[in-house]
Amino acid sequence: MSNKTLFDKIWDKHEVMLLEDGSSVLYIDRHYIHEVTSPQAFEGLKKRRLSVFRPERTFATADHNVPTMNQDLPVKDLESRNQLSALDSNTKEFGIPLYDLSHPWNGIVHVIGPELGLTQPGMTIVCGDSHTSTHGAFGTIAFGIGTSEVEMVMASQCLVQLRPKTMLIKIEGELNKGVTAKDIALYILSQIGTNGGTGHFIEFAGSAISSLSIEGRMSLCNMSIEMGARGGFVAPDEKAFSYLKGREFSPDSSNWNQSLDNWKALFSDSGAVFDTQLSYDAGQIPPMITFGTNPGMGIPINEKIPRKEELKDSQTDNFLKALKYMDFNEGSSLEGSSVDYVFLGSCTNGRIEDIRDFVSLIKGHKKAENITALIVPGSKQVEEQARREGLDKTLEQAGFELRQPGCSACLAMNDDKIPAGKYCVSTSNRNFEGRQGPGARTLLASPFTAAAAAITGVVSDPRKYLY
Amino acid sequence: MAYEPINTITSTVIPFPVDNVDTDQIIPARFLKATSRDADFGKKLFADWRYTPGGEPKPEFALNKFAGNSSILLAGENFGCGSSREHAAWALYDYGFRVVLASSFADIFKTNAMNNGILVIPLPADIYQDLLNEIQQNPNTQVKVDLPGKHISFRNGLVQHGFDINPFRSQCLQEGLDLLDFLVARKDQIIKFEQNYLSF
Ligand code: SF4
């Protein structure tokens with residue numbers, strides 16, 4: 001009987017050579033690039049007079065720097081414009097397709113890959129962005145790389161990688177009302193911390209994971225990097241297959257059945273052994289929110305910020321430093337504390353389902369006066385879908401506005417910044433100091449929780465507003 | 001990306017005993033807009049911790065307090081977590097760091113650092129604490145990092161600590177090589193692999 005993990009099955013299939021020191025030359029099926037982490041890689045190729053080895057396996061989009069208003073006008077920020085035009089000329093020179101701001105397929109790299117059917121089960125996928133783990137929702141080995149590695153993939157379609165350890169995180173049972181994949185991610189993070197997964201690749205499994213939509217699985221796999229893991233994935237099932245059917249780059253009808261047969265073999269064997277194994281009960285997971293400056297500093301929305309006595313000694317310094325930055329007190333409760341901004345978007349929660357969740361909660365309410373909201377779709381296709389469904393109208397009636405796609409306030413490289421000292425309930429993935437702008441204070445949460453804050457003006461339990 | 005080879009480095013150490021230093025702190029996103037590696041990212045290293053919003057150096061921040069030309073940084077747990085931005089490694093390198101000692105490192109950062117000629121060495125708790133105390137008492141302490149000999153030493157050689165490093169990575173660092181040349185030299189094998197590979 002075979003007893004391989006899915007991770008090992010995919011890895012082995014892509015191993016070009018095993019080197020003496022135990023690392024592998026790994027073949028990469030898809031390479032996604034964007035404007036921020038690619039220019040120095042192209043510069044390196046030019047210096048070495050190399051071409052892109054397999055340009056048909058690389059796809060480019062503009063997302064990190066782009067404005068989310070008036071995208072038809074020239075980009076105002078000179079440096080951003082410069083980086084976007086470098087991407088344009090580099091992709092032209094090296095024969096790589098680019099979905100730039102004028103293209104209907106434009107959007108955040110981790111939103112468009114799946115949406116276009118470029119991301120398919122069993123693939124190896126890399127991108128110069130840590131949240132490449134998102135693509136794991138389809139049963140892929142997908143991970144973020146640095147610019148030197150971007151250059152290596154462009155030059156050889158391969159990377160030299162040490163095989164990571166494997167981790168299984170099982171979540172069984174039924175999720176409670178108002179609890180989303182984002183809450184699962186923040187919950188696991190609150191349990192294992194931001195280095196609990198270091199050195200590992202995580203497989204998420206169990207009945208609660210099977211019951212998640214593909215969008216939900218993307219949110220969860222997206223956050224696996226915050227657990228310190230190289231990436232995370234879910235074995236593909238009917239939901240993944242039907243999501244992919246008919247998309248631009250999905251196998252067409254003549255290849256579909258063959259692909260489906262291959263994809264159906266993508267699971268961990270029943271006797272497979274993982275280096276580390278964890279399990280959680282879905283029913284124990286409440287809506288979560290973070291109070292600190294890393295994604296592991298999360299609590300159930302209706303509970304209090306811990307006191308330093310409740311933490312391990314080694315955590316105290318970080319904890320106190322975080323509270324100082326956030327201007328929160330030990331043992332105080334977050335519910336009811338004032339919020340200034342709400343950000344719905346990013347590759348974690350910028351998909352159509354996230355906008356639907358947000359809208360379902362705010363419907364019939366009004367935006368709180370003290371709130372500035374940034375509602376940013378993850379891609380042009382998400383934006384269009386939202387408009388087709390009339391979600392933009394419901395948003396407008398409640399005093400919100402649907403913007404244009406991009407990474408936006410997730411990392412604040414464009415104009416969408418949270419001012420110093422202001423609080424933002426954000427559906428993105430990182431609450432690091434200054435992540436959303438110098439001095440900005442970020443509280444990570446789900447689209448439901450963001451919506452509850454948007455209509456009340458304070459941190460609020462979304463369950464009170466859901467029927 | 002070219003860098004100076006590393007062999008043996010003897011230098012003072014800048015103590016920075018903070019855990020979970022993420023790459024957004026090492027270099028904030030707004031400084032990632034350059035399109036060339038020639039930009040000096042060292043000036044922006046730890047920008048928001050190092051300077052006031054008006055651009056004045058904050059005297060209490062480690063890089064300002066221990067000014068000098070240390071090429072070794074000592075940090076806490078999970079150094080370099082978060083974003084995959086290689087600009088973090090570039091900023092450390094451009095500032096002059098060639099070795100980062102820490103309790104532990106985040107995975108992507110470790111790779112990025114090594115690919116850019118920065119040696120990263122995780123330290124066990126006792127050595128970490130011993131070294132930290134030593135530097136805090138005597139900021140002029142010289143620490144020797146011997147890459148071929150795979151050990152670090154301080155207190156005039158009284159403390160010696162051996163470290164593990166992948167031999168291939170070590171060779172690359174000592175010769176100033178990166179993995180790109182290695183991969184490009186194996187194109188024939190890669191093409192052969194592709195011919196048998198029918199994934200899509
Ligand atoms: S949305 Fe945020 S995390 Fe996602 S790719 Fe953009 S910057 Fe990175």
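Taking A:I202 and the conditions (1) more than 26 Å from A:I112 (Cβ to Cβ); (2) away from the ligand (no atom under 16 Å from the Cβ); (3) among the β-branched types (V, I, T); (4) within 14 Å of chain B (Cβ to nearest Cβ), which numbered condition does it fall short on, given that it satisfies the others?
Single failed check for A:I202: (1).
Please determine whether any residue of the range A:180-197 is of a type in the set (F, W, Y), in contact (Cβ under 8 Å) with a residue 12 or more places away in the chain and more than 23 Å from A:P300 (Cβ to Cβ).
Within the range A:180-197, none of the residues are of a type in the set (F, W, Y), in contact (Cβ under 8 Å) with a residue 12 or more places away in the chain and more than 23 Å from A:P300 (Cβ to Cβ).
Which members of the range A:1-48 meet the condition of being in a loop (DSSP other than H, G, I, E, B) and either under 22 Å from A:R81 (Cβ atoms) or within 16 Å of the ligand (Cβ to nearest atom) (or both)? Show your work before the answer.
Here is the first cut: in the range A:1-48, the ones in a loop (DSSP other than H, G, I, E, B) are A:1-5, A:19-22, A:28-29, A:34-38, A:48.
Selection gives A:H34, A:E35, A:V36, A:T37, A:S38.
Just need a number here: residues in the range A:275-301 that are touching a helix residue (DSSP H, G or I) at 6+ places or on another chain (Cβ under 9 Å) and part of a loop (DSSP other than H, G, I, E, B).
Qualifying residue count for the region: 11.
Exactly one condition in (1) more than 14 Å from chain B (Cβ to nearest Cβ); (2) in contact with a strand residue (DSSP E or B) (Cβ under 8 Å, 6 or more places away or on another chain); (3) open to solvent by 10 Å² or more (accessible area, probe 1.4 Å); (4) away from the ligand (no atom under 16 Å from the Cβ) is not met by A:G421; state its number.
For A:G421, the exception is condition (1).
Every residue in the range A:89-109 that is open to solvent by less than 20 Å² (accessible area, probe 1.4 Å) and in contact with an Asp or Glu (Cβ under 7 Å, 6 or more places away or on another chain), please.
Applying the first criterion (open to solvent by less than 20 Å² (accessible area, probe 1.4 Å)) to the range A:89-109 yields A:90-91, A:96, A:99, A:106-109.
Passing the criteria: A:N106, A:G107, A:I108, A:V109.
Mind counting the residues in the range B:1-28 that are more than 20 Å from A:E43 (Cβ to Cβ), hydrophobic (A, V, I, L, M, F, W, C) and within 11 Å of chain A (Cβ to nearest Cβ)? Break it down into steps so the answer makes sense when it comes.
Taking the range B:1-28 and keeping what is more than 20 Å from A:E43 (Cβ to Cβ), we get B:5-26, B:28.
Subset that is hydrophobic (A, V, I, L, M, F, W, C): B:6, B:9, B:13-14, B:16, B:18, B:21, B:26.
Now narrow it down to the ones that are within 11 Å of chain A (Cβ to nearest Cβ): B:18, B:21, B:26.
The number of residues fulfilling the criteria is 3.
What do you reckon, is A:D88 acidic (D, E) and assigned to a loop (DSSP other than H, G, I, E, B)?
Working: acidic (D, E): yes; assigned to a loop (DSSP other than H, G, I, E, B): no.
It is false that A:D88 is acidic (D, E) and assigned to a loop (DSSP other than H, G, I, E, B).
How many residues are within 16 Å of the ligand (Cβ to nearest atom), in contact with a strand residue (DSSP E or B) (Cβ under 8 Å, 6 or more places away or on another chain) and touching a residue at least 60 places away in the same chain (Cβ under 8 Å) if we restrict to the range A:63-104?
Within the range A:63-104, residues that are within 16 Å of the ligand (Cβ to nearest atom), in contact with a strand residue (DSSP E or B) (Cβ under 8 Å, 6 or more places away or on another chain) and touching a residue at least 60 places away in the same chain (Cβ under 8 Å) number 2.
Among the residues of the range A:351-371, is there at least one that is in contact with a Phe, Trp or Tyr (Cβ under 9 Å, 6 or more places away or on another chain), within 12 Å of the ligand (Cβ to nearest atom) and assigned by TED's automatic domain parsing to the domain that holds A:T456?
The answer is no, given that none of the residues of the range A:351-371 is in contact with a Phe, Trp or Tyr (Cβ under 9 Å, 6 or more places away or on another chain), within 12 Å of the ligand (Cβ to nearest atom) and assigned by TED's automatic domain parsing to the domain that holds A:T456.
In this structure, does A:D392 turn out to be buried (at least 22 other Cβ atoms within 10 Å of the Cβ), away from the ligand (no atom under 16 Å from the Cβ), part of a helix (DSSP H, G or I) and not assigned by TED's automatic domain parsing to the domain that holds A:R217? Before the answer, list the steps.
Numbers: buried (at least 22 other Cβ atoms within 10 Å of the Cβ): no; away from the ligand (no atom under 16 Å from the Cβ): yes; part of a helix (DSSP H, G or I): yes; not assigned by TED's automatic domain parsing to the domain that holds A:R217: yes.
The answer is no for A:D392.
Under 7 Å by Cβ, and 6 or more places apart or on different chains, what pairs join a residue from the range A:112-135 that is within 19 Å of A:S24 (Cβ to Cβ) and more than 11 Å from the ligand (Cβ to nearest atom) with one that is of a type in the set (D, E) and modelled with pLDDT of 95 or more?
Between residues of the range A:112-135 that are within 19 Å of A:S24 (Cβ to Cβ) and more than 11 Å from the ligand (Cβ to nearest atom) and residues that are of a type in the set (D, E) and modelled with pLDDT of 95 or more, the close pairs are A:M123/A:D29; A:T124/A:D29; A:I125/A:D29.
If you check B:F154, B:F163, which single one turns out to be away from every other protein chain (no Cβ under 14 Å), touching a residue at least 40 places away in the same chain (Cβ under 8 Å) and of a type in the set (F, W, Y)? Before the answer, list the steps.
Working: B:F154 fails: touching a residue at least 40 places away in the same chain (Cβ under 8 Å).
Being away from every other protein chain (no Cβ under 14 Å), touching a residue at least 40 places away in the same chain (Cβ under 8 Å) and of a type in the set (F, W, Y) holds for just one of B:F154, B:F163, which is B:F163.
Looking only at the range A:226-263, which residues are open to solvent by 20 Å² or more (accessible area, probe 1.4 Å), of a type in the set (D, E, K, R) and either touching a helix residue (DSSP H, G or I) at 6+ places or on another chain (Cβ under 8 Å) or assigned to a loop (DSSP other than H, G, I, E, B) (or both)?
A:R230, A:D237, A:K239, A:K245, A:R247, A:E248, A:D252
Being away from the ligand (no atom under 16 Å from the Cβ) and touching a helix residue (DSSP H, G or I) at 6+ places or on another chain (Cβ under 7 Å) is the filter; apply it to the range A:434-445 and report the residue that is farthest from A:P377 (Cα to Cα).
A:P438
Since A:F138 meets every condition but one in (1) crowded, with 24+ Cβ neighbours inside 10 Å; (2) within 16 Å of the ligand (Cβ to nearest atom); (3) under 17 Å from the mean Cα position of the chain (by Cα), which condition does it not meet?
With (1) crowded, with 24+ Cβ neighbours inside 10 Å; (2) within 16 Å of the ligand (Cβ to nearest atom); (3) under 17 Å from the mean Cα position of the chain (by Cα) applied to A:F138, the lone miss is (2).
Does the range A:98-129 hold any residues that are among the hydrophobic types (A, V, I, L, M, F, W, C) and part of a loop (DSSP other than H, G, I, E, B), and which are they?
So the first thing to find is which residues in the range A:98-129 are among the hydrophobic types (A, V, I, L, M, F, W, C), and the list is A:98, A:101, A:105, A:108-109, A:111-112, A:116, A:118, A:123, A:125-127.
Once the filter is applied, which keeps residues that are among the hydrophobic types (A, V, I, L, M, F, W, C) and part of a loop (DSSP other than H, G, I, E, B), the range A:98-129 yields A:L101, A:W105, A:I108, A:L116, A:L118, A:M123.
The values are calculated or read from the model by the stated rules, or taken from the named source; none is laboratory data. Everything quoted here is computed from the prediction, not taken from an experiment. Ideal geometry is used to build each Cβ from the backbone, glycine not excepted, and the neighbour counts take in all protein chains shown. For the accessible areas, the whole protein counts, side chains as well, though only heavy atoms, and no ligand, DNA or RNA atoms are used. Shrake-Rupley method; radii C 1.70, N 1.55, O 1.52, S 1.80 Å.
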